[in-house]
Each structure stands twice: as C-alpha cells, then as structure tokens.
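Input: a single structure, listed below in structure tokens.
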Amino acid sequence: MNKTRDFFEERPLPVFAVDPQTLRRRTRRDVLLSVAGVVAALAGAGESRRREWLLNRAIRIDDDVAEALYSPNRTVPAYPKSQITSLKNNYNGATPDPGYIPEWHLTIDGLASGVSVVLNIRSLMTGFSIHEQITRLVCVEGWSAVAWWAGVRFDDLLHAYPPISQAKWVRVESSVNLDASGRPDPYFMSLDLATARHPQTLLATHLSGQALTVEHGAPLRLLAPVKLGLKNVKAITKLTYVAEEPKDYWAQRGYSRYDGL
C-alpha cells in the first residue's frame, strides 16, 4: 500500500485543541517581565558584568519555566489553508548548494540496539505514515509564518528505532550547513525527547504539497512548532540520542538552550 498516495489532496484538517492553561502561561510571563524589569533598572548603572550575569540568569529562568510548564497535551493552533503566509529562507549562513541531495542520508546513533542506522529519504517516505499540519513557525528575530508541512512524526521514528533507555535528549545535526561566506559550518542543536515525542513535531519532507527545496531544508528538516525557529534544523544529517544535554550551536553563543514557546 502506498502510504503517500493522495495525501496531498485537499481535505479537512484535524482540529487541534489548545489546552487553556492561561494561569500557568500568565505566571511564566509575569516572571519574565519581573526579571526584565530588574535588568532594565540596572542597564544604566555601568555594571556590564552584572548586566551580563542578569541577562544570562533571565534566559535560564525562561528556559527552566518553559521546561517545567511543557505538556504533551498542549498543542499549538492549526490553521486553514486560507491563512498560509510566505515563509522566508532563513538559513543562518549561506544556502547550501543542492549537490549534497543525491547522496543524502540520515544517520541515527545512540540506539538501544547498539548499532547505527542509516536511512535515505525513500526509506523514510515509504516506511512511515506521512502526516500533515498547518502551523505557525516563530522566529527568534521577531517574525513568524503559517505554513503547510508534511512529514514523519518524530515519535514514530522513536518507536521504530528506540533510543538507549537513559536517553533524555537528541542532538540534531546538519553537516551541510554553511556560514555566511559559504564555508562549512555544521549546525547542531539540542532537543529534549519530550518535545521530540510531541504530536506536532515532524521530520518534515514537504512544504505546501511539494518536496522541500534546498532553501527550506531539503530533503529533511525538523519542524517543532512548540519551539522557536532556531531549533527547527534544516537539512538534518544526523540524530544522536544521549543521556546528558548535548552542546547547542546558539546556547554556546550565549542564547537560550530550551527555546520553548
């Protein structure tokens, strides 16, 4: 049976319920506003080291609160196709040359089996059910876009290839990522397995009914709408399951590590 047959045909989308945890979200927002107020009050004091410590502390509080409030039952809103907007090509550096695509494969390490698994795009497309959703991608730079995605649920991959029992994180990598000058600049990101198992987290293969283009992470990218866009790695080449939180490209540069919405 061809699991992808007719799945791009127009049809009603499933309705995702949004868990109305207003009080919990408001509590998080109040904490962040309080911390931001303290930082602002000290901003003119000339205590640069103190300000840096406070800013880092604010980021850690944001991460800790977001992680504590995470719920697999809280989904982001789904939209009708009439509300789809354009999606920017927002590679951190230069857009890779498409020459990598014919030989592309996904390597998975840290499995309970003790061996590595290597998959190509055909084995992913034919070996798993394809799911679609129209959700908003939110960028840390302040813009967002509503897009129609399709792909494999990360949770389905986890069930097919179980990670080691002590795993709590997955390191998501793109070896084909480039810096702004076009030099190799591998991108790596930490993702908690709770988010990987979220029902709206996809290993996306399609955008707007078409296979992903290089600009949007062909042939496979992460789509985790409960995270900021910087966590949504394009052109994934490797997944590694680990017990301890792995290094993160932007966290190493002083940014948030959890990046939850």
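For all pairs of alpha-carbon atoms in segment 185-238, what percent lies in each bin of width 5 Å, listed from the first bin to the last filled one?
Answer for segment 185-238: a P(r) of 4, 20, 31, 26, 14, 4, 0 percent.
Beyond a 19 Å Cα-Cα separation, which of these cross-linked pairs lie in this structure: 81/231; 168/231; 81/227; 81/234; 88/238?
Values: 81/231 24 Å; 168/231 16 Å; 81/227 22 Å; 81/234 23 Å; 88/238 24 Å.
Violating the 19 Å limit, Cα to Cα: 81/231; 81/227; 81/234; 88/238.
Could you run the Karplus curve 6.51 cos²θ - 1.76 cosθ + 1.60 with θ = phi - 60° over segment 151-156 and give me ³J(HN,Hα) per residue in whole Hz, x for Gly and Pro?
Running phi through 6.51 cos²θ - 1.76 cosθ + 1.60 with θ = phi - 60° gives x, 8, 5, 4, 4, 5 Hz.
If I stretch the segment between residue 183 and residue 197 completely, what's the gain in nm (0.36 nm per residue apart, minus their alpha carbon distance), one decimal?
Numbers: separation 14, 0.36 × 14 = 5.04 nm, distance 3.34 nm.
So the chain would gain 1.7 nm between residue 183 and residue 197.
In nm, to one decimal, how far is the residue 117 label point from the residue 92 one, both placed 7 Å along Cα→Cβ?
Placing both labels 7 Å beyond Cα along the Cβ direction yields 2.7 nm.
Express the carbon and sulfur contribution to the solvent-accessible surface of segment 145-188 as a percent, rounded to the nearest whole number, probe 1.4 angstrom. Show your work: numbers first, answer last.
Details: 970 of 1880 Å².
C and S fraction of accessible area: 52 percent.
With every protein chain present, what accessible area does residue 238 have (1.4 Å probe, heavy atoms only), rounded to the nearest 10 Å²?
In the full protein context, residue 238 sits at about 70 Å².
Charges at C-beta only: +1 for Lys and Arg, -1 for Asp and Glu. How large is the resulting dipole of segment 142-261 about its Cα centre, in Debye rounded to 20?
Details: 13 positive and 11 negative charges, 6 e Å.
Using Cβ point charges on Lys, Arg, Asp and Glu, segment 142-261 gives about 20 debye.
Compare the peptides 80-91, 148-159 by average per-residue count of other Cβ atoms within 10 angstrom and give them in order, highest first. Mind showing how you got there, number by number?
Values: 80-91: 12.7, 148-159: 19.8.
With the highest mean Cβ count within 10 Å placed first, the list reads 148-159, 80-91.
How much FRET efficiency would the formula 1/(1 + (r/R0)^6) give for residue 210 and residue 168, where r is the Cβ-Cβ distance and R0 is 45 Å, rounded to 0.05?
Values: r = 35 Å, r/R0 = 0.78.
Efficiency for this residue pair is about 0.80.
Roughly how many nanometres apart are two label points built 7 Å out from the Cα toward the Cβ at residue 126 and residue 145?
In this crude label model, residue 126 to residue 145 measures out at 3.1 nm.
The values are calculated or read from the model by the stated rules, or taken from the named source; none is laboratory data. Bear in mind that the values here come from a model prediction, so they are computed numbers and not experimental data. In this analysis, Cβ positions are derived from the backbone assuming ideal geometry, glycine residues included, and neighbour counts consider all displayed protein chains. All accessible areas refer to the heavy atoms of the entire protein, side chains included, with ligands and DNA or RNA removed. Shrake-Rupley method; radii C 1.70, N 1.55, O 1.52, S 1.80 Å.
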